[in-house]
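Reading through the C-alpha cells given below for one structure.
The values are calculated or read from the model by the stated rules, or taken from the named source; none is laboratory data. Just so it is clear, the structure is predicted and the values come from calculations on it, not from any experiment. Reconstructed Cβ throughout: ideal geometry from the backbone, glycine too, with neighbour counts over all protein chains shown. With ligands, DNA and RNA removed, areas are computed over all heavy atoms of the protein, side chains included. Shrake-Rupley method; radii C 1.70, N 1.55, O 1.52, S 1.80 Å.
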Amino acid sequence: MQFIVRTAAARTAASAAAAKAGSQTAAKSHPIHGKDDVPVSYGTSLLAAARDEFRHTDRNLPPKQKKSGMSIPHYNAIHSAAQTMGIDRW
C-alpha cells in the first residue's frame, strides 16, 4: 500500500509555506503539475529537509527561544506545512 499526500496542491501549498518561513530547500522545490495525488515521501522529504535546514540555521539561539531544535516560528511553520499535507510523522 502506498501512502498518498492529500493532494499535489496541498504539497505545493506546504512547500510555499516552508519557503515563506525561510527554507531555501522548499523555495527550490517545484510545484507538482498534472497529478492529483503524490506519494507521501514527497511531503516527508520536504519536511525533513526544511526541519534540518531550520535546525542548522537556529542552532545558536538560546534554548528558551527554540522548540525541537529550531526557532518557535520555524517549528510552527513546519508543523503547519505537515498539517496541510496530512502528515504527522516524518
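Observations
- Residue pairs meeting the criteria (Cβ under 9 Å; at least 6 apart or on separate chains; first closer than 13 Å to residue 18 by Cα, in the range 55-75; second open to solvent by less than 60 Å² (accessible area, probe 1.4 Å) and polar (S, T, N, Q)): 74/23
- Checklist (1) part of a helix (DSSP H, G or I); (2) out of contact with any Pro (no Cβ under 6 Å at 6 or more places or on another chain); (3) of a type outside the set (Gly, Ala, Ser) applied to residue 12, failing item: (2)
- All positions within the range 14-64 that are of a type in the set (S, T, N, Q) and over 18 Å from residue 75 (Cβ atoms): 29, 41, 45
- Taken together, the residues in the range 19-32 that are crowded, with 18+ Cβ neighbours inside 10 Å and in contact with an Asp or Glu (Cβ under 9 Å, 6 or more places away or on another chain) amount to 3.
- Selection count where residues are charged (D, E, K, R) and surrounded by fewer than 19 Cβ atoms within 10 Å (Cβ to Cβ), scope the range 38-52: 1
- The set of residues from the range 5-18 being modelled with pLDDT under 75 and open to solvent by less than 80 Å² (accessible area, probe 1.4 Å) comprises just one member, 5.
- Just one of the listed residues (67, 35) is surrounded by fewer than 20 Cβ atoms within 10 Å (Cβ to Cβ), touching a Phe, Trp or Tyr at 6+ places or on another chain (Cβ under 8 Å) and charged (D, E, K, R), and it is 67.
- Inclusion of residue 37 among residues that are in contact (Cβ under 8 Å) with a residue 24 or more places away in the chain and of a type in the set (Asp, Glu) is warranted.
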